[in-house]
Amino acid sequence: MYKSILVPLDGSLFAEHALPIARSIAYRTGAAIQLVHVHVPVTARYAKGLVAYDETLEARYKERERAYLDKVSKRLEPGTNVQIISVLLDESGSIADTLNNHIKTTEVGLVVMATHGHGALSRFWLGSVADKLIRWVEKPILLVRPPEEVKTEPDLSQERIFRHILIPLDGSVWSEQILEHAVRLGKLMQADYTLVRIIEPIIPATYPRTDYTIWLEQQLLSQQQAEAQKAKAQTYLDGVAERLRLRSFQVQTKVIFHRHPATAILEEANKDGTDLIAMETHGYGGLRRLFIGSVADKVLRGTSIPVLLHRPYE
């Protein structure tokens, strides 16, 4: 399963809200948890136009950061046999670069971290770092959206469990790469799955591109065309679902007509009792053309439900 789960921390209570999920997964898999903080060098002081490096201040900051990681480790340890490893890294290039290099050179199998939506918390490094990591890291990343105003430590006594996982697919082999990562987590918690295929209605070019209702959009399609689209999508989902059912997973499927795939996914997740949304996202390259890239970004920023993302191999 996983040998090590990495949780990036920036010293804030906000970042620590990734800990309950990481602890739950580690407990069920026997994985170690790496609590990682990236040390950013103290701002250099200038004297006569030259950069002066303050070793005393630098050492004091590092000591404080190590003490913080030790404190979090002690909170995680009681009640489980999970191994907790504290890692303080020196920044090299950028925080995202430093974390990515660490992931590449260690046995990290999963990254669990908090991130923000739209709002005041965009000033925290966790947001921009998460944006970069989901495009660079080859391992799956599980992102948690805490409330925007976090004032207390996360409750580590309550185990986070995923009972129902929503998996959007776009019909491509790239989007299906998320399946193994999703079922790996779901199997730990005896979850069931819903596979969703969003079909964007075809609107004749003579009509203005405004926000029509779903009812009106479907009227613009011929019944035959709509049924053909739906049948093709359903056949595709049935094929994927059958592969999972042969492995004894509980799977249901759903085809949805909607002009905005991200909105459709969010609406489905909210009404379906979803505990986790799992989907592929794009990296830098040709996969930008697939809907899974921009849609994943919009879903991540529009939901409070944890999101499992993975960058597909091109």
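Would you point out the residue of the range 234-262, among those that are modelled with pLDDT under 95 and in a helix (DSSP H, G or I), that is farthest from the chain's Cα centre (by Cα)? Only one residue tops the list, namely Pro261.
Picking from residues in the range 130-160 that are surrounded by 14 or more Cβ atoms within 10 Å (Cβ to Cβ), of a type outside the set (D, E, K, R) and out of contact with any strand residue (DSSP E or B) (no Cβ under 7 Å at 6 or more places or on another chain), the one that is farthest from Gln250 (Cα to Cα) is Val150. Looking across the range 266-282, the residues that are assigned to a helix (DSSP H, G or I) and more than 10 Å from Thr303 (Cα to Cα) come down to Glu268, Lys271. Considering only residues in the range 76-93 that are in contact (Cβ under 8 Å) with a residue 12 or more places away in the chain and part of a strand (DSSP E or B), the one that is farthest from Ile33 (Cα to Cα) turns out to be Asp90. Looking at Glu16, Glu58, Glu65, just one residue is modelled with pLDDT of 90 or more, more than 19 Å from Pro154 (Cα to Cα) and surrounded by 14 or more Cβ atoms within 10 Å (Cβ to Cβ), and that residue is Glu65. On inspection, Asp211 fails the criterion of being at pLDDT below 85, within 20 Å of Gly302 (Cβ to Cβ), in a helix (DSSP H, G or I) and among the charged types (D, E, K, R).
With respect to Glu176, is the statement that it is part of a helix (DSSP H, G or I) and either of a type outside the set (Asp, Glu) or surrounded by 13 or more Cβ atoms within 10 Å (Cβ to Cβ) (or both) true? Considered against the rule, which asks whether it is part of a helix (DSSP H, G or I) and either of a type outside the set (Asp, Glu) or surrounded by 13 or more Cβ atoms within 10 Å (Cβ to Cβ) (or both), Glu176 comes out as yes.
The values are calculated or read from the model by the stated rules, or taken from the named source; none is laboratory data. Keep in mind that what you see is a predicted model, and the values were worked out from it rather than measured. All Cβ positions, even for glycine, are placed from backbone atoms using ideal geometry, and neighbour counts span all protein chains on display.
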